[in-house]
Amino acid sequence: MMHTEFLTDLIVALYGRTRLAWAAGEGHEAVVQLLLEKGTDVNAKDIDGQTPLWLAAAKGHEAIVRLLIKERADIHIKDKHGRTPLMLAARGDNTAIVQLLLENGADIMAKDSKHNQTPLSWAADRGHEAVVRLLLEKGADLEAES
């Protein structure tokens, strides 16, 4: 237990990552729920601009993504490279999370600032056929690709 607390405190100190972000990224749903009940800032960014939703989407934790959206997490928020939770879900081949984010208004045509890629290009570059199909069905524009 002390080892875990030390590592968590170290991550918070080094990366400016909140305990909520740490729990969301590691898939600890019960801890996320408890921290949200205590009023933790759902949109707090770490030094890289990553939020709890961003981390949960990147790691494929669908239940946590759903919970954070319910608590009004900003689905449009970008990290320091302009990447959105939708881009990370598409890159990670997380079809259910991509669907969930789209249902809640995520920008299907957003481009990151580092590579000028959209969620579609992130998924296509990695061969994630189901995600590519879903994004195309939902209106992703092939002409907007980098």
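Any read-out appearing in this document is the output of simple, stated calculations on the displayed coordinates, not a laboratory observation. Model, not experiment: these values are computed from the prediction. All Cβ positions, even for glycine, are placed from backbone atoms using ideal geometry, and neighbour counts span all protein chains on display.
Within segment 97-146, which trypsin sites (Lys or Arg not before Pro) sit in a loop by DSSP and count at most 14 neighbouring Cβ atoms inside 10 Å? Within segment 97-146, the qualifying trypsin sites (Lys or Arg not before Pro) (loop, at most 14 other Cβ atoms within 10 Å) are Lys114, Arg126. Using θ = phi - 60° in the Karplus curve 6.51 cos²θ - 1.76 cosθ + 1.60, the 3J(HN,Hα) couplings for segment 108-123 round to 5, 9, 4, 10, 6, 8, 8, 10, 6, 9, 9, x, 4, 5, 4, 5 Hz; x is entered for Gly and Pro.
Each Cα pair under 8 Å and six or more residues apart adds its sequence gap; the mean of these over the residue count of the chain is a relative contact order of 16 percent.
In terms of distances greater than 25 angstrom between alpha carbons, the cross-link table entries Lys45/Lys111; Lys59/Lys114; Lys38/Lys114; Lys59/Lys138 yield Lys38/Lys114.
Which of the trypsin sites (Lys or Arg not before Pro) found in segment 25-101 are loop residues per DSSP with 14 or fewer other Cβ atoms within 10 Å of their Cβ? Of the trypsin sites (Lys or Arg not before Pro), the ones in loops of segment 25-101 whose Cβ has at most 14 other Cβ atoms within 10 Å are Lys38, Arg72, Lys80. Each residue of the chain gets 99 Å³ once the volume of the Cα convex hull is shared out per residue.
In terms of its alpha-carbon gyration tensor, segment 76-146 comes out rounded; the largest-to-smallest axis ratio a/c stays below the 1.5 threshold.
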